[in-house]
Amino acid sequence: MKSDLIRPEIAALPTYNAGLALDRFRARYGIDCLAKLDSNENPAGPCPGVVDAIRDEAAGIARYPDAGNGALREDLAAATGSTTDRLIIGNGSEDLIGAVFRTVLRPGDHVVTICPSFGLHEFGALASGAHVTKVPFNADWSFPVEGMIRAMAAEAPRVLMFSSPSNPAGPAISADEFDTLLTATPPDTLVVFDEAYLEYLDPAARFDAMARLEAGPNPWLILRTFSKAYGLAGIRVGYGIACDPDLAAQMMKARNPFGVNALAVAAARAALRDADHLAHSVTRAAEGRVQLARHLSQAGFACAPSQTNFVFFDTGRTATDFAEALRHKGVLIKPWLEEPYTRWARVTIGTEEENRRFLAAVEGIHCPA
Ligand SMILES: *Cc1c(COP(=O)(O)O)cnc(C)c1O
């Protein structure tokens, strides 16, 4: 290809480290994947109402969907206490991560996040020509609030973006830490708080992030998704709550007008109506993360504390080797590729059967200690 065709920011990006789809696993390893634990999907699947809603909606797909996603925004306004004009729907919340970066970032801008980080928080910023400071978690896996404040003092960022509970590490920021961080954030910085795992957070660790953001001077955006606890990863729908209608309206111009399809909207609306399925999914994940962390710790693998549907642990060797050994046993987890966490891997809480298969497969691999 002509050498100057591709923008250098894009050419320099790595390919996204996405999970391995089941058919590709089979083609590559010659066996069925018996425990797909690499992408933080809900092992219970979507609630039954979602499948019905998609079927009911299917006959209507000759029509374009509502570009403004009005019906889903009304449902979400009722569910979140926001107003419809501050809500924005995306083709997954990753769509909104891209949209917000395209909306605000100029080449040379500074973005601050944490490390280990959710890949798109970094890559989306790099793609827009920004430079990114990734602040490592504290050694005890508390949020690196002091480090983030230092990074913001060194150069005021256009965007501060991180997830809590964190993917891939698992811990959640406390209310006090959040307040300390917000107080020290330069007032013009856009705070993007990614709550993809909010539903899994222990009730005792919850706080009203929206109210705290609203009380401060910063512009802000909260991101949530139907891909995790609601079990809709394959249909792609997430949403944002913006500090004001203008930010939502400007972001709408930076995404595809019909990027959220009619089936996804029907699925999300149905998912919101089934509180039991959500509660059940969250309870199972909370039990599973305790059980997996206990077994892994007993076997000598250090684990980060988790408030999510996964556990991040030190494999004691190059994580890609460890994950590859598990793949040959039909178990799929996600080895981390980001320095200095390349010995760490993330395992999603699956069904009891999948969790057992994972632990049995790990037992066959030599313990690091
Ligand atoms: C999974 C995830 C998302 C988004 O997923 P979508 O499927 O695009 O909604 C966003 N942020 C974090 C931290 C995630 O783990």
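The values are calculated or read from the model by the stated rules, or taken from the named source; none is laboratory data. None of these values were measured; they are calculated from a predicted model. Here the Cβ is made from the backbone with ideal geometry for all residues, glycine too, and neighbour counts use every protein chain on show.
Restricting attention to region 79-134, the residues being crowded, with 21+ Cβ neighbours inside 10 Å, in contact with a Phe, Trp or Tyr (Cβ under 9 Å, 6 or more places away or on another chain), part of a helix (DSSP H, G or I) and of a type in the set (Val, Ile, Thr) number 1. Scoring LYS36 on the criteria (1) among the basic types (Lys, Arg); (2) without any contact (Cβ under 8 Å) to a residue 40 or more places away in the chain; (3) closer than 22 Å to HIS280 by Cα leaves a single failure, condition (2).
Would you check if ASP179 is more than 16 Å from the ligand (Cβ to nearest atom), free of Cβ contacts under 8 Å to residues at least 40 places away in the same chain and in contact with a helix residue (DSSP H, G or I) (Cβ under 8 Å, 6 or more places away or on another chain)? Judged against the criteria, ASP179 is a match.
Examine region 32-39 for a residue that is away from the ligand (no atom under 16 Å from the Cβ) and within 21 Å of the chain's Cα centre (by Cα), and state whether such a residue exists.
Going residue by residue through region 32-39, those that are away from the ligand (no atom under 16 Å from the Cβ) are 32-35.
Then drop every residue that is not within 21 Å of the chain's Cα centre (by Cα), which leaves 35.
Within region 32-39, one or more residues are away from the ligand (no atom under 16 Å from the Cβ) and within 21 Å of the chain's Cα centre (by Cα).
Under the condition of being of a type in the set (Lys, Arg) and under 29 Å from ASN40 (Cβ atoms), which residue from region 1-27 is surrounded by the fewest Cβ atoms within 10 Å (Cβ to Cβ)? Applying the filter and picking the extreme gives ARG24. The combined condition, being out of contact with any strand residue (DSSP E or B) (no Cβ under 9 Å at 6 or more places or on another chain), within 16 Å of the ligand (Cβ to nearest atom) and of a type in the set (Lys, Arg), is not fulfilled by ARG106. The single condition among (1) part of a loop (DSSP other than H, G, I, E, B); (2) at pLDDT 95 or above; (3) under 19 Å from LYS228 (Cβ atoms) that ILE54 does not satisfy is (1).
Return yes or no: is ARG317 in a loop (DSSP other than H, G, I, E, B) and surrounded by fewer than 18 Cβ atoms within 10 Å (Cβ to Cβ)? Can you show your working first?
Numbers: in a loop (DSSP other than H, G, I, E, B): yes; surrounded by fewer than 18 Cβ atoms within 10 Å (Cβ to Cβ): yes.
It is true that ARG317 is in a loop (DSSP other than H, G, I, E, B) and surrounded by fewer than 18 Cβ atoms within 10 Å (Cβ to Cβ).
Being away from the ligand (no atom under 14 Å from the Cβ) and touching a residue at least 24 places away in the same chain (Cβ under 8 Å): is that true of ALA267 here?
Details: away from the ligand (no atom under 14 Å from the Cβ): no; touching a residue at least 24 places away in the same chain (Cβ under 8 Å): yes.
Judged against the criteria, ALA267 is not a match.
Residues of region 122-151 that are among the acidic types (Asp, Glu), over 19 Å from PHE312 (Cβ atoms) and in contact with a strand residue (DSSP E or B) (Cβ under 8 Å, 6 or more places away or on another chain): none at all. The residue pairs whose first member lies in region 197-220 and is of a type in the set (Lys, Arg), whose second member is in a helix (DSSP H, G or I), and whose beta carbons are closer than 7 Å, counting only pairs six or more residues apart or on different chains, are ARG212/PHE178; ARG212/ASP179; ARG212/LEU182.
Of the numbered criteria (1) modelled with pLDDT under 95; (2) within 16 Å of the ligand (Cβ to nearest atom); (3) in contact with a Leu (Cβ under 7 Å, 6 or more places away or on another chain), the one LEU13 fails is (2).
One residue alone among LYS329, LYS334 is surrounded by 15 or more Cβ atoms within 10 Å (Cβ to Cβ) and in contact with a Lys or Arg (Cβ under 7 Å, 6 or more places away or on another chain), and that residue is LYS334. Would you check if there is a residue in region 243-262 being within 16 Å of the ligand (Cβ to nearest atom) and closer than 23 Å to VAL311 by Cβ? No, there is no match, as no residue in region 243-262 is within 16 Å of the ligand (Cβ to nearest atom) and closer than 23 Å to VAL311 by Cβ.
Entry remark, region 135-158: residues being without any contact (Cβ under 8 Å) to a residue 40 or more places away in the chain and part of a helix (DSSP H, G or I) number 9 in total. When region 28-59 is limited to residues that are of a type in the set (Lys, Arg) and surrounded by fewer than 16 Cβ atoms within 10 Å (Cβ to Cβ), the one that is nearest to LEU326 (Cα to Cα) turns out to be ARG28. If the condition is being over 22 Å from LEU213 (Cβ atoms) and either surrounded by 18 or more Cβ atoms within 10 Å (Cβ to Cβ) or hydroxyl-bearing (Ser, Thr, Tyr) (or both), then region 138-168 contributes only PRO168. Residues of region 320-349 that are farther than 24 Å from ALA139 by Cβ, within 17 Å of the chain's Cα centre (by Cα) and part of a loop (DSSP other than H, G, I, E, B): ILE349 alone.
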